[in-house]
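Working notes, structure below.
The values are calculated or read from the model by the stated rules, or taken from the named source; none is laboratory data. Quick caveat: nothing in here was measured; it's all calculated off a predicted structure. Every residue, glycine among them, receives a Cβ derived from its backbone with ideal geometry; neighbour counts consider all protein chains shown.
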Amino acid sequence: MAAVTEEKIHEVARTLWRDVYEDEFRGKERGRFCLTRRQLMDALGTTRLHASTVQRLQDEALGLGLVIIDLDDLFPCVEVRVVRRYRRPPAEVFLSHFPAPEEEHLGEGDDDEP
């Protein structure tokens with residue numbers, strides 16, 4: 001089977017964003033959804049789903065406003081606007097888990113010097 005074309009990538013990204021995201025199903029009027037690996041391969045018309053193809057689709061969809069997350073067997077799709085509203089940890093919380101590295105002072109006697 002031939003490689004997935006840029007036209008196909010654009011078509012699938014556009015359909016996922018403008019059509020599937022806006023369709024009413026499973027009790028929701030519109031919004032986030034998840035595709036199986038098989039569904040994504042079928043949409044792209046391919047029998048193999050390469051990482052480069054997924055990346056191209058993610059890039060194209062992101063440009064339209066849709067985030068596609070690669071979980072290997074599942075591909076959650078959510079609108080960029082929703083993701084941008086996710087809460088961010090305040091600096092004190094972040095730094096309590098990821099402390100800032102101490103500044104290294106180079107001087108006489110450092111082991112790194114020849």
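A few points about this structure:
- Residue satisfying all of: in region 42-61; among the β-branched types (Val, Ile, Thr) and assigned to a loop (DSSP other than H, G, I, E, B); nearest to Ala13 (Cα to Cα) among these: Thr46
- In region 1-19, residue surrounded by the fewest Cβ atoms within 10 Å (Cβ to Cβ) [restricted to those that are assigned to a helix (DSSP H, G or I) and aliphatic (A, V, I, L, M)]: Ile9
- Contacts under 7 angstrom Cβ, first residue in region 47-62 being surrounded by fewer than 18 Cβ atoms within 10 Å (Cβ to Cβ), partner aliphatic (A, V, I, L, M) and not in a helix (DSSP H, G or I), 6 or more apart: Thr47/Met1
- Out of Phe25, Phe33, sole residue that is over 18 Å from Val82 (Cα atoms) and at pLDDT below 95: Phe25
- Condition met for Val54 (modelled with pLDDT of 95 or more and among the aliphatic types (A, V, I, L, M)): yes
- In region 20-41, the residues that are in a helix (DSSP H, G or I) and farther than 18 Å from Val4 by Cα: Val20
- Residue in region 64-92 that is surrounded by the most Cβ atoms within 10 Å (Cβ to Cβ), counting only those that are part of a loop (DSSP other than H, G, I, E, B) and hydrophobic (A, V, I, L, M, F, W, C): Ile69
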